[in-house]
1. Semi-axes, largest first, in whole Å: what does sqrt of 5 times each Cα gyration tensor eigenvalue give for the chain?
2. How big is the dipole moment of the chain about its Cα centre under a simple scheme where the beta carbon of each Lys and Arg is +1, that of each Asp and Glu is -1, and everything else is neutral? Debye, nearest 20, please.
3. Of the options Ile72, His35, Ala8, report the single residue whose Cα projects farthest towards the positive end of the charge dipole of the chain (beta-carbon charges: Lys, Arg +1; Asp, Glu -1).
4. Express the accessible area of the chain per residue in Å², computed with a 1.4 Å probe while the remaining protein chains stay in the model.
5. Using a 1.4 angstrom probe and counting only protein chains, how large is the accessible area of Asp71 in Å², to 10?
6. Carbon-plus-sulfur fraction of the accessible area of the chain, 1.4 Å probe, in percent?
Amino acid sequence: MTLKIISADDILFEGEVTVVHLPGTLGAFTVLPGHASLISTLTPGKIGYTTPDGEKKSIDTAGGIADVDSDIISVCIY
């Protein structure tokens, strides 16, 4: 899967991942390969992801939106 996390100022992360954890407005959710398409608003919290080499990383967010489509996760945060 490809994850791209952007803010108004910069691209914070762009690369391949194996799993993504997002703080959705209706509850936290996890995106795995083959996930159904969706658009969700995000609440304050952490966006967590794991790289193909097994490294776990996270980015804090005050909120934003996430779009999942065809194993591409695009996240715009503020």
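1. Details: eigenvalues 55, 41, 28 Å².
Square roots of five times the eigenvalues give 17, 14, 12 Å.
2. Values: 4 positive and 10 negative charges, 56 e Å.
Using only the charged Cβ atoms, the result is roughly 260 debye.
3. His35
4. On the way: 4420 Å² over 78 residues.
Per-residue value: 57 Å².
5. The accessible area comes out at roughly 60 Å².
6. Numbers: 2560 of 4420 Å².
That share works out to 58 percent.
The values are calculated or read from the model by the stated rules, or taken from the named source; none is laboratory data. None of these values were measured; they are calculated from a predicted model. So basically every Cβ, Gly included, is an ideal-geometry build from the backbone, and we count neighbours across all protein chains shown. Just the protein is used for accessible areas: all its heavy atoms, side chains included, with ligands, DNA and RNA removed. Shrake-Rupley method; radii C 1.70, N 1.55, O 1.52, S 1.80 Å.
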